[in-house]
Structure formats: C-alpha cells, structure tokens
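Structure, as structure tokens:
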Amino acid sequence: MSQNAKNHTRSKLAAIMPTRRDIHFDLAAERIGDWNKGSVHLSQFMNTLSIFFPVGERFFIDSVRYYRDRITDPELKKAVTAFIGQEAMHGREHEQYNQLTFARTPVSAKVETFVYHLLEGAKKRLPPSMRLSGTIALEHFTALMADSLLNEPRMLEGAEPHYARIWNWHALEETEHKAVAYDVWDAVMGRGAKAYFNRASGMVIATTIFWSIMIPAYLMVLRQEGQLGNVKGWRFLMRNLFTEIPFFPRLARSYLDYFRPDFHPWDHDNRQFLKHIDTYLNELPQAA
C-alpha cells in the first residue's frame, strides 16, 4: 500500500466516532468469585484487571482533557468529548463491579487505593506530555486486550451472562475509541524524533508498572481466596489465557507494532466488531 493510500485509509478509520452510552448492568454478587466458567482463577484474574479501570480511566480523561483546547480539528474535538463520556461510563460501571470484588476479597480495595495514590502522584510530578504518553500506551494495551476478547468468544463461553455482557460492552467501546487519545497525541506532539521517543518510552514504562502491580495484586487475591496452591485452577487459567485459548500470545505482534515510528491504532483494522455494536448494546438495560 502506498503512503498516500495508507494515510487515506487511516483518515477514514480515524473518523469512526465514539458514542457515549448510558448502560447499567445487574451483576450477581454471589457469582463475583467464579462467574467465568466456574473458575476462581480465571474470574479473579479478570476481576483484578477491573480494579485498575475506574482510577485508570479518570487518569486518561484528565490527560486527554488537558489538551482539548489545543485541538483545532472539530471532529477530533467531538471525538474527545465522546471519549471522555465513554470512559466516565466505564468507570462508573466498574466501580459498582469492583465493590462486589472488594466485599469478597478486601485486599482488592487496598490495591485500588495504591493505584489511586500512584496515579495522583503521577499527575503532580509528571509533565502533561508524559501523562498523555502513558495514556496512549495503556489505551493501546487495553484496545489489544479488547480485540483479543472479541476475537476469542471462548473466553466468555459459559460465563454468567451479566458479567459476560459488561466485558463485551467494555471491549466494544474500547475498540470504538481506541484511536482518540492517540490522535490527540499526534495533533499536539506531532511525529518528530522527540515525540516518538516519548511515546515509545511511555509504553515501556507503562507496561512495566502495570504488570509489576497486576501480578502481585492477583496473587494476593488468590491467597485470600485460598487458591494459591490449587494446581488444577492454575492449569485451567493457563489453558484459557495462553494455550487452548491464546488470549495473550495473540497480543504480541500488535503490541510490538506500537514501536513503529509510523504506527496508528487503526492499522489494526477490527472495525467489523462495531457493525452490530448498537444492536448488541440495545439488548442491555438502558439507564432511565
């Protein structure tokens, strides 16, 4: 594909406009620990991921909103408003979800408090450009996990329906707005060597920090569940994340693409999942 053709395709895809949807989920508290296939290991892995969402999404909102007044493209400005609206809804619903997790495994609440203070410290100490760099890095990683979830329906096969719906909803909307923060970065930082270095280093730092918190947090949750030594549970988790269902292995190439100087999130064209997004989401209970 020529560079002009590639830029045209990118421009067309980047024009996908997110939509703020006000949706509520009726999650069964008694299923919080084993909602996915009856597995504590798999369910609590995804529950631990959820702990990061509300505080992380508030950080993303603040990082992107800081630059909103510098954006001159009216369509991108509109997309930023929609991005903020979607992230606010994700935060609200995952806050309610997380309360169920905290009630079952109180150590989870301590993890959220730690992440909150870490991000508050980042807001005070890091320049806005590095906060935005971290945001686009984590937005890319979140979009990759969303894509893997949508491409692997077996991940939620047999899951409690309400929990499956909240994860599918989140994955679809993360896909819908996956380029917005990145396009803000391009608009305000450009594509020079300095911008590339800050973008690439932001991904390395964000990935390192995220997994250095996520893995110990998950182990603490399993310890509180009394499941650390459950070999059968660990084998089930590995089959669902790495072997029979290659949820994480399929992320590798797309993750590394981020380090290409000419990378754009819509280079990974998975808009086919968005064709029926409203049909799917309209089946969910809407807020009054």
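Quick rundown of the values:
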read-out: Share of alpha-carbon pairs per 10 Å distance bin for the stretch 74-147, given as whole %; value: 16, 35, 40, 8, 1
read-out: Surface/4 of the Cα convex hull for the stretch 132-173, nm²; value: 2.9 nm²
read-out: Heavy-atom accessible area order for His276, His41, largest first, 1.4 Å probe; value: His276, His41
read-out: For Ala159, distant residues with modelled amide H under 5 Å away; value: Lys37
read-out: GNM result for the chain, Cα springs below 10 Å: residue of Thr72, Thr135, Thr175 fluctuating most strongly; value: Thr72
read-out: Extended-chain gain in nm, criterion 0.36 nm per residue less alpha-carbon gap, Met17 and Tyr280; value: 92.9 nm
read-out: Estimated FRET transfer efficiency when R0 is 30 angstrom, pair Asp34-Tyr116 (beta carbons, to 0.05); value: 0.65
read-out: Efficiency of FRET from Cβ geometry, Leu256 and Trp234, R₀ 35 Å, rounded to 0.05; value: 0.80
read-out: DSSP-assigned coil residues among trypsin sites (Lys or Arg not before Pro) in the stretch 202-288, each with at most 10 further Cβ atoms within 10 Å; value: Lys275
read-out: Loop sites in the stretch 201-284: GluC sites (Glu not before Pro), DSSP, at most 13 other Cβ within 10 Å; value: Glu244, Glu283
read-out: Accessible surface, the chain, averaged per residue in Å² (probe 1.4 Å); value: 47 Å²
read-out: Sparsely packed GluC sites (Glu not before Pro) within the stretch 150-182, loop by DSSP, other Cβ within 10 Å at most 14; value: Glu157
read-out: Heavy-atom accessible surface of the chain: percent carbon and sulfur, 1.4 Å; value: 57 percent
read-out: ³J(HN,Hα), Karplus 6.51/-1.76/1.60, whole Hz, each residue of the stretch 164-171, x for Gly, Pro; value: 4, 5, 5, 6, 5, 4, 4, 5
read-out: Principal axis dimensions, largest first and in whole angstrom, of the stretch 227-288 by Cα; value: 44, 42, 20
read-out: Mean-position separation - Cα centroids, the stretch 108-181 and the stretch 45-93, in angstrom; value: 10 Å
read-out: Kirkwood Rh (inverse of mean 1/r, distinct Cα pairs), the stretch 1-159, angstrom; value: 17.7 Å
read-out: Extension gain, Lys124 back to Arg65 (0.36 nm per residue minus Cα-Cα distance, nm); value: 19.7 nm
read-out: For the stretch 104-201, diffusion coefficient by Stokes-Einstein and Kirkwood Rh (Cα), 25 °C, 0.890 mPa s, µm²/s; value: 156 µm²/s
read-out: Cross-link pairs Lys37/Lys78; Lys123/Lys275; Lys178/Lys232; Lys78/Lys275; Lys77/Lys275; Lys37/Lys123 - those with Cα-Cα distance over 28 Å; value: Lys37/Lys78; Lys123/Lys275; Lys178/Lys232; Lys37/Lys123
read-out: Chain lengthening between Trp211 and Glu95 when straightened (0.36 nm per residue, less Cα-Cα); value: 39.7 nm
read-out: Estimated vicinal HN-Hα couplings, Hz - the stretch 50-66 in sequence order (Karplus 6.51, -1.76, 1.60; Gly, Pro = x); value: 4, 4, 7, 5, x, 5, x, 5, 5, 5, 4, 4, 4, 5, 6, 4, 4
read-out: Largest-first principal axis extents, alpha carbons of the chain, Å; value: 54, 43, 40
read-out: Check: the chain dipole with +1 on Lys, Arg Cβ and -1 on Asp, Glu Cβ, in debye; value: 780 debye
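The values are calculated or read from the model by the stated rules, or taken from the named source; none is laboratory data. Because the structure is a prediction, the values reported are computed rather than measured. Positions of Cβ are backbone-derived with ideal geometry, glycine not excepted, and every protein chain shown enters the neighbour counts. For accessibility, only protein heavy atoms count, side chains too; no ligands or nucleic acids. Shrake-Rupley method; radii C 1.70, N 1.55, O 1.52, S 1.80 Å.
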